[in-house]
Amino acid sequence: MPGRRGEGRHARAWIEGVGCPLDAAIDAVLDHLRRSRNPLFAGLGCDVEGARAIVRLAKLVDASIDHLSGTATGVELSAVRDAGLFATTPGETFARADTLLVLATERSGAAEPLLKGFLATKPRLALARTRRIIWVGRGPAPRAVSKHVDFTSVAVAPSQISPLLSALRSRLARRPVGAAPLSPRRLEATLEKLREAKFGVAIWPSRVLDPLTVETLTGLVRDLNESTRFSCLPVLSQDNAAGVAMALTWLTGFPSHIGFSRGEPEHDPWRFDAARLVRSGEADLAFWVSAYRRHWPPWSSRVPVIALVAPSHGVGTPRARVEIEVGTPGVDHDTIDLLAATGSLAFRPAAVRNGTPSVADVIGRICAGLSAAGRAAG
Amino acid sequence: MIRLRGGRVIDPAHGRDEIADVWIEDGRIVTPPAGGQPAESFDISGKIVMAGAIDIHSHIAGANVNTARLLLPEFHRAHLPRPGATPLTELGWSTIETGRLYAAMGFTTVVEPAVAPHTALHAHLELADTPLIDKAILAVLGNEDFLLALMREKEGLGAVRDYVSSMLSSSRALGVKVINAGAAMAFKHNLRSFGLDDVVPTYGVTSREIVSALQQAVHELGVPHPLHLHCNNLGLAGNVETALETIEAFDGLPIHLAHLQFYSYGTQGKRGFSSAAARLAEAVNAAKNVTIDVGQVMFGQTVTVSSDVLRQFAATKFAHPRKSVIIDGDGNGGGVVPMAYRQSSFTNAVQWAAGLELFLLVENPWRVFFTTDHPNGAPFTSYPELFALLMDRNLRAAWTDRLPKPALAMTTLPSLGREYTLFEIATMTRAAPAKLLGLKDRGHLAQGALADIAVYHDRQDRAEMFRAAHLVFKNGKLVVRDGKVTREIKGKTLHVTPSHDAAIDRKLDRYYEHLYGVPRRSFVVPHEARCFLGEFEQVPCVA
């Protein structure tokens, strides 16, 4: 909602790299939007309120939205849409899972705190006294593992995760397998541990698995459920990507790749792909939103960009035609976004509340500017 | 002041069916002023006037519904260049379209009946983005460790009551829903079926005991809407016995049984699947404490969205298209399973007929409600066709002619000649739901009522009539004209706040830290979040 919490007091903005007041930056944005034939909204690193505002604005200016291209969340969602999923919550995994199949690489990112928690605790609601962890990929340092945990390391290269899952699934169906990343004896031993689970959970941090591997894993979990209970916990990536995908889904029916040029929302993963829209020249203006961290899309130099970004704190220079610094959700302003610890949307009050505007504040002012101009023209 | 002049006013709450004017001022219905001049007047002679309709059970928001949207992009109108004209493709499937489509049919209040308290914030965000209609959620309880442990430790009904009250308040719900009590927990322990007297492993309590404790708690807290129960064994041949046992278990106590059509199956015939709706309707007629909604199946592609995770897991084998999402949640969890009900299918035809039998054989229109259990039996946009089927025996005969004869032989439908009247439709969609939910200022057209009003053309084709209301007023504002939304306003979210001993909140605070390592505030709908959630309105509990 625009206009609340004293927004604008600490706003910092630039036009063509030159610092300016927020009002002037908003006017410049309005100017760019009015002249654009086909604006693109991309990135969308923001909270639910920001996503709501972006959909409002995208409708007003007949824009396209590509929230997820090339992101890990996009990979996971597309796998779910193709093949379905067994899923559980971080809470149930923490409290109940007696067996964890962790598919990890060196960088676990947002999954790190969750994985640490699972390694350090025993499941209070499980019948077993210990937690059995099968860690595929490079494992944690031995001292990170609690004495309540029965830890097995299966060291395979990231490229071998998919063949390993396929081999496990084949063996579960008692089909023979040829070359597998593990010896037949270790393969059987690993499978036996999965079979013995009373409530097992497969966990992977986003970015680790490609869509086909996610599908293979879902198939393995589905087959395990014929005789025992097993589920999945994809640990979602940063920037509230999944939270925004949720909001876009209820607001438009789709998580990403949405166009409003024909009135009602349309969905087309090819037509509304950001990189394609920029490369082909169809998009003549890109609106880049990244409130959680400061980063840029690979195509940012090929199209005029309006950016709502996290503060630079003196590092880096303005790169966009118009750049407005926005507050960090949950730090500078109250927010609702997806909490990795619960897997659900949650409210987080501002830690500082210093008046830096939120994405929703800035876009609310842009919408108001467009409507006012519309009224004046009409 | 607005005057609706000369319409046929059907207001079952006050026994009215007469030609009369309706006057609106400041969002309420007022008595005709002596010599007063309206600022605006609508000549609606020859039209039908009813209060805005109320849907007590429609899955329109929340995490599971959103997963269903995600899972089925190919059935969204916008995704296909030339989509088939089925109710699911016409649905739009966003919160915005949901509000608009309901309003176009003259509905002004809708209850989302299955929200896990832990994801209540998500559901309320969606409802805040659902325009035009007022909304409410029912909080799903009955499968979570905290409650089952309270019962295992025999902490007594007082503790259960405090817990229920705390969960209602912290999730801002209008009532309590129980979905296959104990079964989601049993499924986590690898049980694959769960009946009324089965025991939840490690907790030592039965489904019957859980439902009974929650029924009593809701009743004693004075929550106007009685416990809303999704029974055990949904969808299974022979499950009429479960429904009958459940009715018997609540001898004299107020209880609402949801989507009873899915529990009206016998085992007769060579396929071992028959309609037992007639038997069930008889039991409902005799049990004056019981209300039901039907959960009518209509033919076509849809998607089932249910927190009955045990049942949904079993249903994955019948998924069409073949993909499903099964969620082991903190409490109930749930499952999203696409489903195509086919006219040529023996089973689906029996289901369709059994629903209509329930409608036609339950005698008292104050105790049976319109639902398709949206979207489980069919999208809510199928209501107009359903109204038409119930109002016209010839239309029913035309439909039944196209169904497999062996399926019809397993039902009593062909022998039922009853035709619903407009007065009965208005009772079931307006007066009775308002009474069931404890909403005193809606569902009727007397002075002081909220000016939620639907005006319909009196068409021969009842489906056509109800699909596109002539005029719809929400809070006295004209929002729909001839089925088209003319103005988009925001509705409110209705909820109850019973009182309880705050000791339970301290206990819950400790519990969340201990079990999940996460503070409880991450699982509730906090007061400070209200600026993101739109307007709430408290419905008083009964003293």
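Tell me, what HN-Hα J-couplings in whole Hz come from the Karplus equation 6.51 cos²θ - 1.76 cosθ + 1.60 at θ = phi - 60° for each residue of the range B:530-543, using x for Gly and Pro?
Karplus values, whole Hz, x for Gly and Pro: 4, 5, 8, 10, x, 8, 10, 9, 7, 9, x, 7, 7, 5.
Assigning unit charges at the beta carbon (Lys, Arg +1; Asp, Glu -1) and nothing else, what dipole magnitude in debye, to the nearest 20, does chain B show about its Cα centre?
The dipole of chain B has a size of about 1060 debye.
Could you sort B:471-484, B:137-150, A:169-182 so that the peptide with the highest average Cβ count within 10 Å comes first and the rest follow in order?
The most tightly packed comes first, giving B:137-150, B:471-484, A:169-182.
Suppose R0 equals 60 Å; then what is the FRET efficiency for B:GLU464 and A:ALA141 from their Cβ-Cβ distance, rounded to the nearest 0.05?
That gives a FRET efficiency of 0.30.
Using a simple spin-label model with points 7 Å from Cα along the Cα→Cβ vector, what separation in nm is obtained for A:ASP150 and B:ALA543?
It is 6.1 nm.
Over 18 Å between Cα atoms: which of A:LYS198/B:LYS177; A:LYS116/A:LYS147; B:LYS440/B:LYS474; B:LYS135/B:LYS177 fall into that group?
Values: A:LYS198/B:LYS177 28 Å; A:LYS116/A:LYS147 14 Å; B:LYS440/B:LYS474 16 Å; B:LYS135/B:LYS177 16 Å.
Listed pairs above 18 Å: A:LYS198/B:LYS177.
Students sometimes get this wrong: rank B:SER415, A:SER153 by accessible area, probe 1.4 Å, all chains present, largest first.
The ordering from most to least exposed comes out as B:SER415, A:SER153.
Can you tell which of B:ALA543, B:ALA277, B:THR427 lies farthest toward the positive end of the dipole of chain B, using +1 and -1 charges on the Cβ of basic and acidic side chains (Lys, Arg; Asp, Glu)?
B:ALA277
Tell me the Rg and the Dmax, in Å, that the Cα atoms of the protein assembly as shown produce.
Radius of gyration, then largest Cα-Cα span, for the protein assembly as shown: 27.9, 94 Å.
Can you tell me the 0 to 90 degree angle between the C-alpha axis of helix A:211-224 and the longest principal axis of chain A, rounded to 10?
40
Which residues make up the longest stretch of chain A that has no GluC sites (Glu not before Pro) in a DSSP loop with at most 11 other Cβ atoms within 10 Å? Please list the in-between numbers first.
Details: sites that count: A:GLU16, A:GLU106, A:GLU226.
Of all site-free stretches, the longest is A:227-378.
Given H placed on each backbone N at 1.01 Å, which residues far from A:ALA63 in sequence or on other chains put an amide H within less than 5 Å of it?
Answer set, sorted by chain and number: A:PHE260.
Only Cα pairs under 8 Å and at least 6 apart count here; give the relative contact order of chain B as a rounded whole percent.
21
Which whole-angstrom value gives the distance between the alpha carbon centres of the range A:57-119 and the range B:354-411?
Result: 42 Å between the Cα centres.
Go through B:GLN460, B:ASN239, B:PRO254 and say which Cα lies farthest out towards the positive end of the charge dipole of chain B; charges sit on Cβ, +1 for Lys and Arg, -1 for Asp and Glu.
Value: B:GLN460.
For a test of the definition: using alpha carbon positions, the gyration tensor, and the 1.5 limit on a/c, classify the range A:74-235 as rounded, prolate or oblate.
Rounded.
What is the average number of partner chain Cβ atoms found within 10 Å of a Cβ in B:325-338?
Taking all residues of B:325-338 together, the mean is 5.
Principal axes first, then extents: for the Cα atoms of chain A, list largest minus smallest coordinate on each axis, whole Å, largest first.
Taking max minus min along each principal axis of the Cα atoms, chain A gives 75, 42, 33 Å.
Which aspartates and glutamates, if any, have their Cα less than 20 Å from the Cα of B:LYS154, not counting same-chain residues under 8 positions apart?
Once the sequence-local aspartates and glutamates are set aside, what remains near B:LYS154 is B:GLU144, B:ASP145, B:ASP162, B:ASP197, B:ASP198, B:GLU209, B:GLU220, B:ASP501, B:ASP505.
Where the centroid of each part is defined by its Cα atoms, how far is the range B:156-217 from the range B:278-293 in Å?
Taking the Cα centre of each part, the range B:156-217 and the range B:278-293 sit 23 Å apart.
Quick one: which residues, 5 or more positions from B:THR493 or on another chain, have an amide H under 5 Å from its amide H? H modelled 1.01 Å from N in the peptide plane, none for Pro or chain starts.
So B:THR493 has HN proximity to B:LYS135, B:GLU535, B:PHE536, B:GLU537.
For the protein assembly as shown, what is the mean residue ellipticity at 222 nm derived from helices alone (per DSSP H run of n ≥ 4: -39500 (n - 2.57); sum divided by total residues; nearest 500 deg cm²/dmol)?
Computed mean residue ellipticity for the protein assembly as shown: -9500 deg cm²/dmol.
Please report, in whole Å³, the volume per residue of the convex hull around the C-alpha atoms of the range A:194-336. List each step's numbers first, then the result.
Details: hull volume 25.0 nm³, N = 143.
Here the figure is 175 Å³ per residue.
Starting from the amide H of A:PHE151, placed 1.01 Å from N in the peptide plane, find each other amide H under 5 Å away whose residue is 5 or more places distant or on another chain.
Excluding prolines and chain starts, which carry no amide H, the hits are A:ILE133.
Over chain A, what relative contact order in percent results from Cα pairs under 8 Å that are six or more residues apart?
Over chain A, the number comes to 28 percent.
Quick one: of B:LYS188/B:LYS288; B:LYS288/B:LYS484; B:LYS188/B:LYS435; B:LYS435/B:LYS492; A:LYS193/B:LYS317, which pairs are farther than 29 Å apart, Cα to Cα?
Among B:LYS188/B:LYS288; B:LYS288/B:LYS484; B:LYS188/B:LYS435; B:LYS435/B:LYS492; A:LYS193/B:LYS317, the Cα-Cα distance tops 29 Å for B:LYS188/B:LYS288; B:LYS288/B:LYS484; B:LYS188/B:LYS435.
I'd like the antiparallel share, as a percent to the nearest 5, of DSSP beta bridges with both residues in the range B:1-100.
About 65 percent, rounded to the nearest 5.
Evaluate E = 1/(1 + (r/R0)^6) for A:ASP23 and B:ARG342, where r is the Cβ-Cβ distance and R0 equals 56 Å; express this FRET efficiency to the nearest 0.05.
Using R0 = 56 Å, I get an efficiency of 0.40.
Nearest 20 debye, what's the magnitude of the dipole of the protein assembly as shown about its Cα centre given +1 on Lys and Arg Cβ and -1 on Asp and Glu Cβ? Intermediate values should be presented prior to the final figure.
Values: 101 positive and 92 negative charges, 418 e Å.
For this selection, approximately 2000 debye.
Only four residue types carry charge here, +1 at the Cβ of Lys and Arg and -1 at the Cβ of Asp and Glu. Report the dipole size of the range B:28-162 about the Cα centre in Debye, rounded to the nearest 20.
260
Mind checking which helices in chain B clear 18 Å along their axis (Cα) and have mean Kyte-Doolittle hydropathy of 0.0 or more, DSSP H runs only?
What comes out of the filter, once short or polar helices are dropped, is B:157-171, B:207-221, B:346-361.
Please compute the modelled spin-label separation between A:ALA373 and B:GLU363, points set 7 Å along Cα→Cβ, answer in nm with one decimal.
6.9
Could you pull the Rg and Dmax for chain B, using just the Cα atoms, both in Å?
22.5, 72
How large is the Kirkwood hydrodynamic radius of the range A:173-262, counting all unique pairs of alpha carbons, in Å?
Computed over Cα pairs of the range A:173-262, the Kirkwood hydrodynamic radius comes out at 16.1 Å.
May I ask what percent, to the nearest 5, of DSSP beta bridges between residues of chain B are antiparallel?
Values: 39 of 72 bridges.
Looking only at bridges with both residues in chain B, the antiparallel portion is about 55 percent.
Taking the DSSP beta bridges in the protein assembly as shown as the whole, what percent of them are antiparallel, to the nearest 5?
Details: 54 of 131 bridges.
Looking only at bridges with both residues in the protein assembly as shown, the antiparallel portion is about 40 percent.
Show which aspartates and glutamates lie in cross-link reach of B:LYS477 when reach means a straight Cα distance below 15 angstrom and same-chain residues fewer than eight apart are skipped.
Filter leaves B:GLU25, B:ASP26, B:GLU40, B:ASP134, B:ASP452, B:GLU488.
Given the Cα-Cα distance of A:ARG124 and A:ARG34 and 0.36 nm per residue of separation, how much length would full extension add, in nm? Don't skip to the answer; put the middle values down first.
Values: separation 90, 0.36 × 90 = 32.40 nm, distance 5.82 nm.
Answer, rounded to one decimal: 26.6 nm.
On average, how many beta carbons from a partner chain sit within 10 Å of the beta carbon of a residue in A:252-264?
4
Decide, for the range B:256-349, between rounded, prolate and oblate: order the square roots of the alpha carbon gyration tensor eigenvalues as a ≥ b ≥ c, take rounded if a/c falls under 1.5, and otherwise choose prolate if a/b is larger than b/c, else oblate.
Oblate.
Could you derive backbone 3J(HN,Hα) for the range A:350-366 from the dihedral phi with the Karplus parameters 6.51, -1.76 and 1.60 (θ = phi - 60°), listing whole Hz in sequence and x where the residue is Gly or Pro?
Result, rounded to whole Hz: 4, 7, 10, 6, 9, x, 4, x, 8, 4, 4, 4, 5, 5, x, 5, 5.
The values are calculated or read from the model by the stated rules, or taken from the named source; none is laboratory data. None of the values given here were measured: they were computed from a predicted structure. With ideal geometry, Cβ positions are generated from the backbone for all residues, glycine too; neighbour counts draw on all protein chains shown. For the accessible areas, the whole protein counts, side chains as well, though only heavy atoms, and no ligand, DNA or RNA atoms are used. Shrake-Rupley method; radii C 1.70, N 1.55, O 1.52, S 1.80 Å.
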